[in-house]
Amino acid sequence: MRLTGGKVYDVRDGFVQRDVCIDGACIADASNCGQTYDLTGYYVIPGLTDVHFHGAMGHDFSDGDAEGLQAMADYELSRGVTQICPAGMTLLEEQLTKVCRNAAEHRKNSKSGSMLCGVNLEGPFLSYAKKGAQNGDWLHAPDVAMLRRLENASEGLVKLVSVAPEEPGALEFIQAVADEVTVSIAHTTADYDTAAAAFRAGARQVTHLFNAMPGFTHRAPGVVGAAFDADCKVELICDGVHIHPSMVRAVFQLFGAKRVILISDTMRAAGMSDGAYTLGGQDVNVKGKLATLADGTIAGSVTDLMNCMKTAVSFGIPLEDAVRAAAVNPAKAIGIYSRVGSIETGKLANLAVLDEDLELKAVIFKGEVVHGSL
């Protein structure tokens, strides 16, 4: 097919008006046959990649069941999130092994939904003092052998692992695994010096910046300051609940659009109505955009990544920067940018078409319109 007249996202030049040609499943230089669609007035962007979400449509990745993971993948694709790297919670190794095996089976057998491109182990190598919505009873010291067992169970799908660098053995853990997976600093009490040491040891990312970590102040810049000084990327939940709009703008100014990764951090209530749910074995109440534990702790998000990107734009982030943070940067973070994440010849034709209000008009997946219409 040929898409003509649209404002097409270009990694180097922002939005440009040009044709997009699709041959089979991939972007092509030319399209000499098939349907031509006039997308004048619409945006054409790469399909998004969510490297940190837990669930949707009543299901959670940590449940470790095939039906639930398929429902999540189908939902994400319907929202223009064409690549997913779902996140596990702090769980016992037995359950995490089940989760990883389920991901591997899904990758081999699924015939629909977003591409599962990785597994994100947000727990269990975290700090009790900053556990947030993680279950403190199941926290575990950083453990290289355990991580490698989980990597084996996932058949190589583990792409991200979170760690609190102040925990005993954490720096040695980071040094040992930094060439195998992306290590992300998370749920931590670390000060600037400890976080800086973690980056020197090989950590390359920060999990949901500002959330579950010390504040960013003028004499104690903490993890945020250390990340600013390091060559790393930072995740940002932009659902209008976790981070104030001013801080979202500040992060894009401080770090630059090339270093920010928008994530959704959704739990099982995404795509569902208000009510009572669970996250990591704990009860969660959802009302509107807010999901909380019984003590009021924010427990993940219910806003999918496409809507997080739209929210970032409503906060004053230029659309081209928001697209980079939701499509380009996360794909690079988990090593799939050679195949997806930008609209370039040879890459998979995984695209989203948005109207002028950034509402989703259509999703194109491997060259086929799978949701909406053109």
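Computed over protein heavy atoms with a 1.4 angstrom probe, the accessible surface ordering of His187, His218, His59, His371, largest first, is His218, His371, His59, His187.
With the biggest extent put first, the Cα atoms of the stretch 126-284 measure 42, 39, 28 Å across the principal axes.
Ellipsoid fit via the Cα gyration tensor, the stretch 234-292: semi-axes of 27, 11, 9 Å, each the root of five times an eigenvalue, largest first.
The mean of 1/r over all pairs of different alpha-carbon atoms in the stretch 1-120, once inverted, gives a Kirkwood hydrodynamic radius of 16.2 Å. Here the Karplus curve 6.51 cos²θ - 1.76 cosθ + 1.60, taken at θ = phi - 60°, turns the phi angles of the stretch 115-122 into couplings of 6, 7, 10, x, 10, 10, 8, 6 Hz, with x standing for Gly and Pro.
Residues whose amide H comes within less than 5 Å of that of Lys361, counting only those at least five positions distant or on another chain, are Val353, Leu354, Asp355 (H built at 1.01 Å from N in the peptide plane).
Taking 4 °C and 1.567 mPa s as conditions, the chain diffuses translationally at an estimated 63 µm²/s according to Stokes-Einstein applied to its Kirkwood radius (Cα pairs). Distant-in-sequence amide contacts of Ser301, defined by a placed amide H-H separation under 5 Å and a gap of 5 or more residues or a different chain, comprise Thr266, Met267. Spatially, the stretch 317-363 and the stretch 220-242 are offset by 22 Å when compared through their Cα centroids.
When you count the other C-beta atoms within 10 angstrom of each residue and take the mean per peptide, 40-48, 303-311 line up highest first as 303-311, 40-48. Distance between the C-alpha centres of the stretch 132-176 and the stretch 79-119: 17 Å, rounded to the whole angstrom.
For the stretch 202-353, a Kirkwood hydrodynamic radius built from all Cα pairs, placed in the Stokes-Einstein relation at 37 °C and 0.692 mPa s, yields a translational diffusion coefficient of 199 µm²/s. Taking every alpha-carbon pair under 8 Å whose residues sit at least 6 apart, the chain reaches a relative contact order of 20 percent. Cα-based radius of gyration for the stretch 152-218, normalised by 2.2 N^0.38 Å, reads 1.11.
Mean separation of Cα pairs under 8 Å and 6 or more residues apart, divided by the residue count, gives the stretch 32-184 a relative contact order of 20 percent.
Report the Stokes-Einstein translational diffusion coefficient (µm² s⁻¹, integer) for the stretch 180-249, Rh taken as the Kirkwood radius over Cα pairs, at 25 °C with viscosity 0.890 mPa s. In µm²/s, the coefficient is 201. Around the amide H of Val8, modelled in the peptide plane, lie the amide H atoms of Val16, Gln17, Arg18, Val44, all under 5 Å away and 5 or more residues distant in sequence or on another chain. Residue ranking by accessible heavy-atom surface, 1.4 Å probe, largest first, among Arg339, Arg101, Arg259, Arg219 comes out as Arg219, Arg101, Arg339, Arg259.
The values are calculated or read from the model by the stated rules, or taken from the named source; none is laboratory data. Just so it is clear, the model here is predicted, and its values are computed rather than measured. FYI the Cβ positions are ideal-geometry reconstructions off the backbone, even for glycines, and counts take in every protein chain you see. Heads up: the accessible areas ignore ligands, DNA and RNA and are worked out on the full protein's heavy atoms, side chains in. Shrake-Rupley method; radii C 1.70, N 1.55, O 1.52, S 1.80 Å.
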